[in-house]
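The structure appears below as structure tokens.
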Amino acid sequence: MSLLPEFEYRRPETLEELLVILGDYKGKAVLLAGGTDLIPRLKLGLKQPGLVVDIKGMAGDFRSILPDGKRVKIGSLTPIYEITRSTLISSNFPTLHKAALSTASEIVQYRGTIGGNILQDTRCTHYNKSENWRKAFEPCLKMGGETCNVIKGAKKCLSVYCGDLAPALLSLDASVVVVNPDGERELPLSDIFTGDGRKPFVLGGTDFLKEIILPIHKMNGDYKKFRLRESIDYPVVSIALSVDEMGKGSLVIGSYGPRPGKYKFSSLDELDKIPQSVYEDMKPIDNMPMPPDYRKHLAKIFAERLIGNVAH
Amino acid sequence: MTKGTEDFKHIRKSPVRIDGEMIVTGRAKYTVDIDLPGMLYAKILGSPYAHARIKGIGIEKARMLKGVKAVITGKDIGYRRFSFIDTPAYPADQTPLAIDKVRFMGEGVAAVAATTEEIASKALDLIDVEYEELPAVFDPEEAMGEGAPKIHDRIEPNTTTAWEDFGIPRAKSRPYDAIHNISNRVFIENGDIEKGFAEADYVKEDRFVVPSTAHAALEPHAAVADYQPTGKLDVWLSHMGYEHKRFWLAKLLDIPISNVRVRKTYVGGAFGGKISLFAYEFITAFLSKITLRPVKTILTREEVFFTCPPARRMIIDLKTGVKRDGRITAQHVKIIDDVGAYRRSSPTALYLAHVFRNPIYDTPNIRHEGYGVYTNKVFTTAKRGHGLQQMAFAVESQLDMICDELGFDRLEMRLKNLRKEGDTLPNGDKLWSYALPECLKAAAKAIGWKEKSKDKIPFRGLGIGTASMFSGAHNYPFASAALTRLNHDGRVILYTGQTEFGIGVDTAMAQIVAEVLQCPLDYIIVNSGDSEINPHDIGNWLSAGMFVSGEAVRRAALDLKKGMLRYAAKGLDIPEDDLELRDGWIISKSDTSRKLSFSDISRYGIQMAGGDPLVGRGFKKCVPEVYFWKGRYNKTASLTSGKGRFTEAYGLAAAMAEVEVDRKTGKVTILHLVVSDDCGTPINVKSVEGQIMSQAVMGIGDALFEEVKFEKGIVMNPNFLEYLLPTAADIPEIDSIIVDSYEPNGPFGAKEVGETSRAAAITAVANAVCHAIGQRILSLPLTSDKVRDAISGRERGKS
């Protein structure tokens, strides 16, 4: 069994306490919610935090799915399993419901949270490996080095964002509430992604993603992912599609690049053209378990199929 | 007695496993559970290079770290070489830690023992190794070419082989020069290959490639060693047979083999990968020897992928000739076995690749050539059907191709070429039991072969696979013994060297004793897996467990029964032939009121028969006709020429699969998989079904998902997220059919069951996929991207 490195551990009981800790540690702390993304990274030596802040025990509405007028608020510590069980979600946001159901496996869904899933770090076949393994290669961009071990001479890290929930949430025009010692702000979910695999999110070391807000707007939708096995696996490619009664909506591709690829459309005719655009836009980078051309092909096929199922 | 019709009390039944409660309540002790007072923890430093000279190793900083009790390098151990199957011609080629150079990425160069695992890990970071990187070669065909980097210098043998120890009369072990990086060869010829191809109406030649797959035992590899200053070593290992382990531990530590005690542990899966000694096991023992404290090593999953050998990688060039009537006339096989950094069991694997196909199709003219080739990758070993599934994939794929070209029905063509019960194979082995035709027919019926063959649905396909497997062979340790001891409470302790590694062997052996003694199963206590308490045993490999050790157990029970009847005859004053064992009594057949309990017999023996409480013994040799003893030998099987007797019984299996392929993504869905296994009498029906099922699941992994991937010698998927074991969600309904033939040489008619079905399942699935898409894929696994490429290749060809 791989060993965890040594780190300081704190378990705040209130949001206020958390914000004080984050303020004190100024970016040297990492947040531990479900831990399904963080713990393996700690064991692999990909993160060496001075402090791990366990936020599971914080008092407040962090583990709830609540209606709020024309919106639904989901606390960021809500386990993915709760999302799969919520009728509020399944009746209003079928895309998110399907995405939650297909995330990892049921056991991981019990533990993994929506906030943690959204802020899942990007992945690469040459990065998500042990310290020992990585010694055989030069330190890459994401490790803070100068090279890319996938594309010779690359200046930008194109490690892949593999979260299942974000594509669905993006298709539903979700926004997020972020708190830090200076205050609270709401911003569109799409704005938290940087597009750079080195640091995939705009959130800083003192930020805490508190809740996710979904506007209630009658949307039909679905989520489909291609994975190598019928359980556990990250998507090789995934598609979230939400479309309203006017034929407007968004199609979002997951496992697309350092951020999901979002395509808005205002008619079904426009929607029908998206699969080809996806195929042309996706960069063929060999940093995932399947060859890049095949991934591009899958994205197109899956987009076409999902459109066929949902919109026609 | 008619075949398989005996009215058994305990055989062909499914009693609850006698160790089941221990396992499911978490009380069974695995090696990782062993904790001894004062125990140290070991860690091994692996090379970050695939091929490099070691210029120097600085260990002082590591040694100074508080809590570190020992730091060793290869030089401390010295040039003591070990292997898996070493022979005089192919001496052992591996040292437990690299000394002058490393030959694969991850190879151990130094090791630490410390008071905690964390300190041991930290100490590894403080070891400075200076390497000079050498050109490396990863492709076996490149490695055989002119100017390729030389991986091994002359290998000087420095230990005797088991064969020499047992008196093989041929030359002593000799040095080995790996010219063109060739580690070993095989050349087997039966009939006249040129004549065979001349007679053929159609000849097909193809190349098939099978990559490594991992054993993926869920229990992490672990060892605990406790060395005493008296020269006594106790070890707890995760293994599948203690004789090989103690043989090499004794040789490398230079202590008598009887001083090595392999203690009983439960084992969380082995699948053929844990019979030979692992470097980490010896290192653990060596560290215990120099610190005189118990030492424990637990490998991480990544360390297992890096340093413990996966299954063999083979490139197979196959040429087959057939007559217009579908009869196979000749087959020429050329195998390149990419052995990796060390040879291990390649000589055996190349030989087995031939002998495991031999009992299936009656191919009159065969040439079977093979080369083991060193490359700078982790070395390879046996995995559930050593060399079998690689050849099964090649031969069965090509048969389908021939059938397609010539318009033969794929099932009929196979049935036409099968051998028959009673056939004698070219090496002298006889097929006493042979139900492969029945296996094929049973599978065909279950899957609906005939009906489904009539109208092919686009992108649906059917496939067939076959396999055969020995039931023990003349390999060290050659034989098994067993002891039975009657206790004065009437219960019987069975002593057997079999290792319970998850297969239910303890229960099956208890069933055999209870059947012979006609007593309740809970009269039997099984003591197994401890090399000091239990007798000599072949181990749970070579598919020999039931056929060889099971027969030894049966004989030990019969021996005890004989003694019990003898004393009962005296005690009751009844002739022996009027006595029988029934429901835990020795009873008069003519007057059932006259009987003695097992307890009475034991007491009688102690009081009235000179203090004899009764002990039974039994033994069985894998192949009695083969022996070597002080210069005399008779038909020793040759690994390199294939001559000589090999085994006494062959297990056989057939599988059929129906699949559906997504035309656009290439994703395969298995709709139905049927595996029928001719294992002789199933001693424990549930265990046998479990064996068949687990092989079918493993075969699905091989066929569609699994491959140990390398990039410049480094394993690219050394974890269970990237190494794709099928999950429960990927497994279809599987029918496991036991074709209950009767093997006259086996205990109650039983023979091997653990290794055939996997190969049959792999080929059935692969053939079904290719049938579905109308395109042949010549390498495993058939991942969706490969399948999709094949489909689009075909569609491009059409347009």
Given B:LYS430/B:LYS620; A:LYS129/B:LYS383; A:LYS98/A:LYS225; A:LYS47/A:LYS135; A:LYS129/B:LYS296; B:LYS150/B:LYS172, which pairs have Cα atoms separated by over 20 Å?
A:LYS129/B:LYS383; A:LYS129/B:LYS296; B:LYS150/B:LYS172
Let me confirm one metric for peptide A:282-289, namely the mean number of other chain beta-carbon atoms within 10 Å of its residues' beta-carbons.
1
10 Å-binned pair-distance histogram of region B:502-634 (Cα, whole percent)
12, 35, 29, 18, 6, 0
Globularity index of region B:315-394, i.e. its alpha-carbon radius of gyration over 2.2 N^0.38 Å
1.18
Region B:351-481, Rg to Rh (Cα coordinates; Rh as Kirkwood inverse mean 1/r):
1.01
Need one number: nm distance between label points at B:LEU292 and B:GLU412, each 7 Å from Cα along Cα→Cβ, rounded to one decimal.
7.9 nm
What is the order of B:PHE646, B:PHE720, B:PHE82, fewest Cβ neighbours within 10 Å to most?
B:PHE720, B:PHE82, B:PHE646
Using the Kirkwood radius over Cα pairs of region A:233-312, the Stokes-Einstein translational diffusion coefficient at 4 °C and 1.567 mPa s, in µm²/s and rounded to a whole number, is 103 µm²/s
Would you mind getting the Kirkwood hydrodynamic radius of chain A from its Cα pairs, rounded to one decimal in Å?
19.9 Å
222 nm mean residue ellipticity, helices alone, for chain A (DSSP H n ≥ 4; -39,500 (n - 2.57); rounded to 500)
-8000 deg cm²/dmol
Find the eigenvalues of the gyration tensor of the Cα atoms of region B:668-716, then list the square roots of 5 times those eigenvalues as equivalent ellipsoid semi-axes, largest first, in whole angstrom.
31, 15, 7
State the percent of C-alpha pairs, over all pairs in region A:159-273, separated by a distance greater than 22 angstrom.
39 percent
What does the structure give for B:716-725 when I average, per residue, the other chain Cβ atoms found within 10 Å of the residue Cβ?
4
Restricting things to alpha carbons, tell me how big the protein assembly as shown is in terms of Rg and Dmax, in Å.
31.7, 102
From the P(r) of region A:22-66, can you give the percent of Cα pairs sitting at distances over 16 Å?
47 percent
Under-5 Å amide H pairs with A:ARG71, H placed in peptide plane, nonlocal only:
A:ILE216
Tell me which aspartates and glutamates have Cα within less than 12 Å of B:LYS595's Cα, excluding those fewer than 8 residues away on the same chain?
B:ASP573, B:ASP578, B:GLU580, B:ASP583
Protection proxy ranking, peptides B:731-737, B:244-250, average beta carbon neighbours within 10 Å, highest first
B:244-250, B:731-737
Provide the per-residue ³J(HN,Hα) series for region B:187-198, in order, calculated from phi with Karplus coefficients 6.51, -1.76, 1.60 and θ = phi - 60°, each as a whole number of Hz, with x at glycine and proline positions.
8, 10, 9, 10, x, 10, 5, 5, 4, x, 6, 5
Enumerate the whole-percent occupancy of each 10 Å bin, from 0 to the last occupied one, for all C-alpha pair distances of region B:449-533.
13, 30, 20, 11, 13, 10, 2
Identify all lysines with a Cα-Cα distance to B:LYS686 below 20 Å; exclude those on the same chain that are fewer than 8 residues away in sequence.
B:LYS9, B:LYS13, B:LYS751
Find the relative contact order for chain B and round it to a whole percent, using C-alpha pairs within less than 8 Å whose residues are 6+ positions apart.
16 percent
How do the peptides B:104-116, B:664-676, B:384-396, A:125-137 rank, highest first, by the average count of neighbouring beta carbon atoms within 10 Å per residue?
B:384-396, B:104-116, B:664-676, A:125-137
Fully extended contour minus Cα-Cα distance, from B:TYR202 to B:LYS450, at 0.36 nm per residue
86.7 nm
Percent of Cα-Cα distances greater than 28 Å, calculated over region B:625-773:
39 percent
Would you mind checking region B:502-519 for residues with the amide N under 18 Å from a putative spin-label position 7 Å along Cα→C-beta of B:ASP33?
B:502-507
Using the Karplus curve 6.51 cos²θ - 1.76 cosθ + 1.60 with θ = phi - 60°, what ³J(HN,Hα) values do you get for each residue of region B:661-675, in whole Hz, with x for Gly and Pro?
10, 6, 4, 8, 9, x, 6, 9, 10, 7, 7, 7, 10, 10, 10
If I model region A:1-126 as equal point scatterers sitting on the Cα atoms and use the Debye formula, what is log10 I(q)/I(0) at q = 0.15 Å⁻¹?
-0.78
Would you please put B:342-349, B:589-596 in order of how densely packed they are, using the mean number of other Cβ atoms within 10 angstrom per residue and starting with the highest?
B:342-349, B:589-596
Starting from the Cα of A:LYS218, draw a straight line to each of the aspartates and glutamates and keep only those under 17 Å, dropping any in the same chain fewer than 8 residues away.
A:ASP68, A:ASP173, A:ASP244, A:GLU245
Quick calc, A:LYS135 & B:HIS180: beta-carbon distance into FRET formula, R0 35 Å, rounding 0.05, result 0.65
Take the Cα atoms of region B:270-341, build their convex hull, and give its volume per residue in Å³.
142 Å³
Just checking the output field for A:187-195: average partner chain Cβ neighbours within 10 Å of each residue's Cβ?
0
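Quick note: the coordinates plus some simple rules give every number you see, no bench work behind them. On a predicted model such as this, the values are computed, not experimentally measured, just so you know. Note that each Cβ is placed from the backbone with ideal geometry, even for glycine, and that neighbours are counted across all protein chains shown.
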